[in-house]
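So the structure is just underneath, and the comments pick up after that.
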Amino acid sequence: MKFLKWLLAIIVVLVLAFFLFGKSYLREQTKKNSPEKTATYSKNGLDLSVQYSSPFKKNRVIFGELVPYDVVWRTGANEPTTFTTASNINIGGKSLPAGSYSFWTVPGKDSWSFIFNSEIPGWGVTILSGGKETTRNVDADILQINAIPQKLSQSIESLSIDFEENDQLYLSLAWDKTKVSVPINK
């Protein structure tokens, strides 16, 4: 009986040590493989930013394999990607109020969904699922829009989320040989 008490005490100490020290160490290690990036846009009365962690392709098939089709993706690595706007805007013709949002996607072969959610969870996926299940609260979705993906001729090694201004402003996501963009207006 004494042995079981000692064993239980050792397990409790190890679990506490992991949560106190191990999580920050693991977070630091994952950011070496998927560095944090920020894209900003401040023009024409708009003040926008996207913060995300950018994983690398590493000779993997990204969409359809590493990132499955038709399943909600945390969109990036580590913590959820966040999108912040200082003013009310329209994305894809739909209204998005000023604020900060978690940004999720549902990649598909022929169509993607971009989802802006009012809650920003700590990690964005469950640890026990190995990162396959998100912690997104569907009831907190503020905006969901569809976009058509483009095939790129050159492969993009690391996930890129950026603001592109051509004939108008776009929020664009590109990785591997796929690019998806949605228009942004004030």
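The values are calculated or read from the model by the stated rules, or taken from the named source; none is laboratory data. Only a predicted model underlies this, so the values are computations on that prediction, with no experimental measurement involved. Don't worry about glycine lacking a Cβ; one is built from the backbone with ideal geometry, like all the others, and counts go over all protein chains shown. Heads up: the accessible areas ignore ligands, DNA and RNA and are worked out on the full protein's heavy atoms, side chains in. Shrake-Rupley method; radii C 1.70, N 1.55, O 1.52, S 1.80 Å.
General observations
- Scanning segment 167-177 for residues that are open to solvent by less than 30 Å² (accessible area, probe 1.4 Å), under 16 Å from the mean Cα position of the chain (by Cα) and at pLDDT below 95 turns up nothing.
- Output for segment 64-81, where each listed residue is open to solvent by 20 Å² or more (accessible area, probe 1.4 Å) and under 19 Å from Ser172 (Cβ atoms): Trp73, Arg74
- Matching residues in segment 41-60 - criterion: being closer than 21 Å to Glu157 by Cα and surrounded by fewer than 13 Cβ atoms within 10 Å (Cβ to Cβ): Lys58, Asn59, Arg60
- Residues that are part of a loop (DSSP other than H, G, I, E, B), within 17 Å of the chain's Cα centre (by Cα) and at pLDDT 95 or above, drawn from segment 71-114: Pro107, Gly108
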